[in-house]
Amino acid sequence: MDQLLIQLFPIAINVIMSMFTYFSTVRLIPNVKDMFIKANLYGFDMNKTSKTKVPEALGVVCGCTFLVTMFLFIPMPFFNHFREGAKFNHKEFSELLVAILSICCMVFLGFADDVFDLKWRYKLLLPTIASLPLLMVYYISSNMTEITVPKPFRPLFGDFVDLWIFYYVYMGMLAVFCTNAINILAGVNGLEVGQSLIIAMSILVYNIVELSRDYLKSMTFSLELNDNLWRAHKFSMYFIIPYIATSLALLRHNWYPSRVFVGDTFCYFSGMTFAVVGIIGHFGKTTLLFFIPQILNFLYSVPQLFRLVPCPRHRLPKYDPETDQLNPSVTVFKKSELNILAKFVMWIFRTSKLVDWKEDDRGVVTCNNLTIINFVLLYAGPLREEALTTMLILIQVAGTLLAFVIRYPLASLFYDT
Ligand code: UD1
Ligand code: MG
């Protein structure tokens, strides 16, 4: 029991600090709103009739209160050392510092993106740069590049495969994917924060489940707690709990009708936080499982992201002021402009009824923009904006449930969990 209390002490402090963070962020956001508009950081809500300026990039406030909380929290996991003079854990300390550094770096670069409206290629570069310090510490502290081979493939490859440098490429790509995948599933009030919150809560539940399983195991077989496992999942919780607090505060102002927009800063900040805990906690694969809707949205978007079909600057749904409802937005182009690959891919999409494709006699095509937001509207729309966001968040929750089924009952078929 004593052992458990010592383990849980920093988490309890973290929860208390996060509550303070939540209340201060809720109050801070409306206070700084006007400063953003003065600095020309605003946008117009395209799904409303009123043309008021909505402050943009408020994710930076969230990122800053998160960072301040983390700075104040730094000594807490090491209280044991101060109390008993136990050996100081430099590895854990450097992991904590560098994780904060990577997130800090990402908030800064994300804000630069909001201010300068960077091109797509830089959006891919920024998270890679921000994850470099993290990869460096990973190399020095654990350099674990082996992965467990799924049972059916073991006769071929053995129990473990060392991915070597490719493991680092994979971790860098995890950061790039997490940040951008959230950013392209956006455009209706509350969606960026809503989906990120569900992902964060899923990670938190996963941490708690893993720790409880280990605690129960130690009780039944009177074993010591598994130190590595506790370190990894506690580390994740130190970040995820304050993250949830700041994002909940932001959601209160970003929910329909939005008083503030979150900006790309928020998407980068969120994606990086998830990548950091996934990498340091060694549960990158499970983290990705919580991104099922984002993965589907990315795959569905591929023809537009790689410019096989034209991609307008904004793909968010089209607002109908008459009915106050949203319809799928469209991209219009000449069929003769498409190359052979584009024609083939879009033929697959059409025959599997994934798109609404209209062609007139002059060969001009009108096709819905390829996001799952528009896809939902195609089958369930037209919808009011609030209903659409709620539906998409429910899809995210369903994704998490599926992820847990894959992670626990199904994974035991492939791994010894
Ligand atoms: C991404 C999407 C784009 C989508 C946009 C909406 C891709 C490749 N890019 O671009 O299709 O339209 O996000 O965020 O998929 N806005 C609203 N209501 C909202 C949120 C945003 O009207 O609830 C509008 C506002 O005008 C706001 C702007 O979107 O100023 C912000 O867009 P930005 O985040 O800069 O777009 P991208 O991330 O580049
Ligand atoms: Mg954006």
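The values are calculated or read from the model by the stated rules, or taken from the named source; none is laboratory data. None of these values were measured; they are calculated from a predicted model. Here the Cβ positions follow ideal geometry from the backbone for every residue, glycine too, while neighbour counts run over all protein chains shown. Side chains are part of the model used for accessible areas, which takes the heavy atoms of the whole protein and leaves out ligands, DNA and RNA. Shrake-Rupley method; radii C 1.70, N 1.55, O 1.52, S 1.80 Å.
Quick notes on this structure:
- Test result for GLY194, out of contact with any Cys (no Cβ under 7 Å at 6 or more places or on another chain) and open to solvent by less than 10 Å² (accessible area, probe 1.4 Å): yes
- Take the conditions (1) at pLDDT 95 or above; (2) more than 16 Å from ligand 2 (Cβ to nearest atom); (3) within 29 Å of PHE78 (Cβ to Cβ); GLY271 misses just one of them, which is (2).
- Residues being out of contact with any Phe, Trp or Tyr (no Cβ under 9 Å at 6 or more places or on another chain) and among the polar types (S, T, N, Q) - total across the stretch 237-255: 0
- Counting only helices (runs of 4 or more DSSP H) that sit wholly inside the stretch 132-220, those with at least 3 residues that are away from ligand 2 (no atom under 16 Å from the Cβ) and hydroxyl-bearing (Ser, Thr, Tyr) are 165-183, 191-220.
- Scanning the stretch 117-131 for residues that are surrounded by fewer than 17 Cβ atoms within 10 Å (Cβ to Cβ) and touching a residue at least 40 places away in the same chain (Cβ under 8 Å) turns up LEU124, THR128.
- Considered as a group, the residues in the stretch 294-304 that are open to solvent by less than 50 Å² (accessible area, probe 1.4 Å) and either assigned by TED's automatic domain parsing to the domain that holds ASN183 or within 16 Å of ligand 2 (Cβ to nearest atom) (or both) include one that is nearest to the chain's Cα centre (by Cα), and that residue is GLN294.
- Flag not set for ALA86, criterion: at pLDDT 90 or above and touching a helix residue (DSSP H, G or I) at 6+ places or on another chain (Cβ under 7 Å).
- Entry remark, the stretch 46-64: residues being open to solvent by less than 10 Å² (accessible area, probe 1.4 Å) and either away from ligand 2 (no atom under 16 Å from the Cβ) or in a loop (DSSP other than H, G, I, E, B) (or both) number 3 in total.
- Residue check, LEU251 among the hydrophobic types (A, V, I, L, M, F, W, C) and either within 16 Å of ligand 1 (Cβ to nearest atom) or part of a helix (DSSP H, G or I) (or both): yes
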